[in-house]
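One structure is given here, and the rest of the page talks about it.
The values are calculated or read from the model by the stated rules, or taken from the named source; none is laboratory data. Not measured: the values here are computed from a predicted model. Glycine gets a Cβ as well: all are built from the backbone with ideal geometry, and neighbour counts include every protein chain shown. Note: accessible area is taken over every heavy atom of the protein model, side chains too, but ligands, DNA and RNA are not part of it. Shrake-Rupley method; radii C 1.70, N 1.55, O 1.52, S 1.80 Å.
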Amino acid sequence: MSTARVAVVLAAGKGTRMRSAHAKVLHAAAGRPLLAWVLDAARGAACQTVTVIVGHQGDEVRAAFSDQADLRWVEQREQLGTGHALLQAAESVPEDALLLVLSGDVPLLRPRTLAALAAAAADGWGAMAVAELAEPGALGRVLTRVDSRGALLERIVEHADASEEQRAICLINAGIYALPAREIFGYLRRVTPNNAKGEIYLTDALGAAARDGKPVRLVALEDPSEAWGVNDRRDLAAAHRRLLDRHALALMDAGVTLLEPARTVIEPGVMVGADTVVHPDVTLLGQTVIGSGCVLHQGAWLRDTVLADGAVVQPYSVLDGARLASGSQAGPFARLRPGAVLEEDARVGNFVEVKKSRLGRGAKAGHLAYLGDAEVGAGANIGAGVITCNYDGERKHETSIGRGAFVGSDTMLVAPVRVGDDATTAAGSVITQDVPDGALGVGRARQRTVDGWAARRPRGGGHSHKKE
Ligand code: UD1
Ligand code: MG
């Protein structure tokens, strides 16, 4: 049969049931647009080219993938059905190619399923993926026949066109096919919109081929969720959860403890090392990488954050673009923003915000502080309520705090400023000048004591202490 294997992804549909201002295939499941998952599967199946059919809100779809130079785009101007959509690719794929047809709204598909479809097509005329679903919903129902080699397609009945009896069939069409290009385009040109939706159904072209005696092999999906198509928000939630669950299972198999997998969100791109323990309600997003032996306590929210082995995130902390070395700790209730770095054994505690700042080995900021654009030396102690005043209304300035420095509670460090190695600032100081190594910086009004104040204190009528 054919030499080239090419993928065509149908993504032009209106997706009306999403009730959205945005294209259906751009809705995100597990952190990425539906279409991104499908494209991954196509790329993973050694396709020579990947062509995406776009139409309804097509500009928005193309823009979202404009950085992916390997994709080819074809427009379906009017959304006249899946068959019409595929037909738009007729000019852009080689006639002798094996077409892998994917739907942009079927995100759980795996590359190995496409490989199985290609193999099955080679053993017949074409092949399609099917699954037995307990709740087949509105998916197309598959009517079968058998030959000596196994099950074959008889025809596909769309839910909208199906009788009660046909709706009771649980074998559904996943909308993923391997088909000989020239012949399927021939069939598609002859399909008429003879159905409840008035659309040109790709499924009807397959039915016509089957009627002509062409063997369309059925490939049963090992994991039936691969067939889940997303047509509404309920489907979207189900696909999202299923993508997360797949990754959660893989992580557990690799030695990660997820105390309550259903209550964690770990996006599939996130790596987690063995013997790390993830408590409930933890969210790990984006390019996050977690080492081994880490603990992520309840409510930790991490995005694009790297934890070395043995780092700990205490409850309800938000870490975005941060890096934690071994033995370091953040939280509870810490907020680490991009560029926050904790070296070995450094600690950031309750209600401490850190942005673009490095805390050296063993440095500590335990309570209620803001560290922005700061370099904190090893072993330094940042007292409660310390603030780096890094912004003068126009520009950001840097603060440097030396090794072993002791920054007293409620110190305002007006940047640019340096507190030297082993230097101290007095509690409540406003430090506007550098404090040399080993020195004490005091920047506050001296206390005045007024004896006998209570007796002289004015008392308002409403606050009388006199007995009635
Ligand atoms: C389709 C199948 C159904 C199958 C299901 C699997 C048909 C007629 N039905 O139904 O048998 O069970 O997928 O998920 O094929 N699209 C276009 N242009 C159009 C219409 C649709 O590009 O004019 C695209 C959509 O963007 C979508 C895909 O084709 O990505 C499927 O279309 P959709 O309308 O979701 O079809 P289903 O009703 O799900
Ligand atoms: Mg669909």
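Structure values in brief
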read-out: Trypsin sites (Lys or Arg not before Pro) restricted to the stretch 43-136 and DSSP loop, no more than 12 other C-beta within 10 Å; value: Arg77
read-out: Rh by Kirkwood over Cα pairs, then Stokes-Einstein D for the chain at 0.890 mPa s and 25 °C, µm²/s; value: 93 µm²/s
read-out: For the stretch 213-321: rounded, prolate or oblate by the Cα gyration tensor [a/c cutoff 1.5]; value: prolate
read-out: Highest to lowest packing among 305-318, 15-28, scored as the average C-beta count within 10 Å; value: 305-318, 15-28
read-out: Distant-in-sequence amide H partners of Leu440 (H built 1.01 Å from N, under 5 Å); value: Thr424
read-out: Dipole moment magnitude, nearest 20 debye, the chain about Cα centre, only Lys, Arg, Asp, Glu C-beta charged; value: 1460 debye
read-out: Surface share of carbon and sulfur [accessible, 1.4 angstrom probe, percent] for the chain; value: 49 percent
read-out: Under 5 Å, built H, 5+ apart or other chain: amide partners of Lys214; value: none
read-out: Percent antiparallel among DSSP beta bridges (both partners in the chain, rounded to 5); value: 20 percent
read-out: In order through the stretch 368-383: 3J(HN,Hα) via Karplus (6.51 cos²θ - 1.76 cosθ + 1.60), integer Hz, x for Gly, Pro; value: 6, 10, 10, 10, x, 6, 10, 10, 10, x, 4, x, 5, 10, 9, x
read-out: Inter-label distance for Arg234 and Ser148, nm, one decimal - labels placed 7 Å from Cα along Cα-to-Cβ; value: 4.6 nm
read-out: Cα→Cβ-extended label distance, 7 Å offset, between Ala220 and Gln48, nm; value: 3.4 nm
read-out: Å² per residue, accessible surface of the stretch 387-448 at 1.4 Å; value: 61 Å²
read-out: Percent RCO, i.e. relative contact order, over the stretch 359-468, from Cα pairs under 8 Å lying at least 6 residues apart; value: 17 percent
read-out: Whole-number percent relative contact order across the stretch 1-152, with pairs defined as alpha carbons under 8 Å at least 6 apart; value: 31 percent
read-out: Selection of GluC sites (Glu not before Pro), the stretch 55-138, meeting DSSP coil and at most 13 other Cβ within 10 Å; value: Glu78, Glu95
read-out: Top positive-direction residue, dipole computed over the stretch 244-385 with Cβ charges, set Pro338, Tyr316, His297; value: Pro338
read-out: Probe 1.4 Å, protein heavy atoms only - accessible area per residue of the stretch 78-209 in square angstrom; value: 41 Å²
read-out: The chain, relative contact order [Cα under 8 Å, separation at least 6], %; value: 8 percent
read-out: Restricting the stretch 189-227 to GluC sites (Glu not before Pro) in coil, as DSSP defines it, with at most 12 other Cβ within 10 Å; value: Glu222
